[in-house]
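Presented below is the structure to which this report refers.
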Amino acid sequence: MVKNFLKTAWRNILRYKIYSVINFVGLTCGLSLALLIFAYTRSELSYDQFHEKASRLYRFGYLVSNGLKLASTPPPIAPVLKEYFPEVEETARLYGRNVSIRLPEGNQSFEETNVY
């Protein structure tokens, strides 16, 4: 019975080539996008999960008055959070900058960007 279904499918593919190509391209695009969405979602959900107390980690963002959302906050936020919210146990701040490094021996130097 399966052999009969495969024969019929093959005949229809050969008979209706344009529709078959459209269907295969659509199926390929759909499966590819589904796999990409799955991989992206899995990556985002696994972020910082290696920490022992990962469920207690939070990241703050900042909404500027013109509606722009930033992934950073003003520097004074960390001590203010600890002062006004007793639930906050610890805070950490990151500061990105560019660094120029020169090795003591020789004249080798290089520049690093986005050092935290």
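Some notes on this structure:
- Residue order, fewest to most beta carbons within 10 Å, for V99, V2: V2, V99
- Applying the Karplus relation 6.51 cos²θ - 1.76 cosθ + 1.60 with θ = phi - 60° to region 81-87 yields 3J(HN,Hα) values of 4, 5, 6, 8, 10, x, 5 Hz, where x marks Gly and Pro.
- What the phi angles of region 14-23 give under the Karplus curve with 6.51, -1.76 and 1.60, with θ = phi - 60°, is a coupling list of 6, 6, 10, 5, 5, 5, 5, 5, 4, 5 Hz, glycine and proline written as x.
- Each of L31, F60, L70 was placed along the dipole of the chain (beta-carbon charges, centred on the mean Cα), and the one lying farthest toward the positive end is L31.
- What the phi angles of region 44-49 give under the Karplus curve with 6.51, -1.76 and 1.60, with θ = phi - 60°, is a coupling list of 5, 6, 8, 5, 6, 7 Hz, glycine and proline written as x.
- Annotation: the residues L94, L27, sorted from fewest to most other C-beta atoms within 10 Å of their own C-beta, follow the order L94, L27.
- Close amide H contacts of T73 (hydrogens built in the peptide plane, cut-off under 5 Å, sequence separation of 5 or more or a different chain): none are found.
- Helical content of the chain, expressed as a calculated mean residue ellipticity at 222 nm, amounts to -14500 deg cm²/dmol (DSSP H runs of 4 or more residues, -39,500 (n - 2.57) each, divided by residue number, nearest 500).
- Using the Cβ of E87 as centre and a radius below 14 Å, the other residues enclosed give a net charge of 0, where K and R count +1 and D and E count -1.
- Region 14-55 versus region 78-100: alpha-carbon centroid distance in Å: 37 Å
Values quoted throughout were computed directly from the atomic coordinates according to the rules given, and no laboratory measurement underlies them. None of these values were measured; they are calculated from a predicted model. All Cβ positions, glycine included, derive from the backbone under ideal geometry; neighbour counts span all protein chains shown.
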